[in-house]
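Engineer: One structure coming up, written as structure tokens, with questions to follow.
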Amino acid sequence: MDVDYAQLHKIYGAPSDEEARRYSPATCIGCDMKVVSGDPDPKHVSTSFVERQNLTMRMSMRRFTRLTNAFSRRWITTATPLRCTSLIYNFAECTRP
């Protein structure tokens, strides 16, 4: 109970007739916040940090940008660059002046 943790669940609706194209994303019609543990501040509950980290991971490692299965045969070959990129993103770039 020492950690303040909440999840934000976005609710999507079907696109209208004029927006119904093949690759059109669904429209976000609302958000539902669920407190998992602790007492989080509702104004700081967001998915932006996770989405930014996912985008950085995809853009910095070629194996995550392809539409086909580009993973290595062995898990260690995939896990090592993933760990290195995550370490650099979370710790090394934060210390820049």
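Engineer: Out of the range 69-82, which residues are within 20 Å of the chain's Cα centre (by Cα), exposed (fewer than 13 other Cβ atoms within 10 Å of the Cβ) and modelled with pLDDT under 80?
Structural biologist: Hits for the range 69-82 are N69, A70, F71.
Engineer: Can you tell me how many residues within the range 32-65 are farther than 20 Å from D2 by Cα and not in a helix (DSSP H, G or I)?
Structural biologist: The number of residues fulfilling the criteria is 4.
The values are calculated or read from the model by the stated rules, or taken from the named source; none is laboratory data. Bear in mind that the values here come from a model prediction, so they are computed numbers and not experimental data. Reconstructed Cβ throughout: ideal geometry from the backbone, glycine too, with neighbour counts over all protein chains shown.
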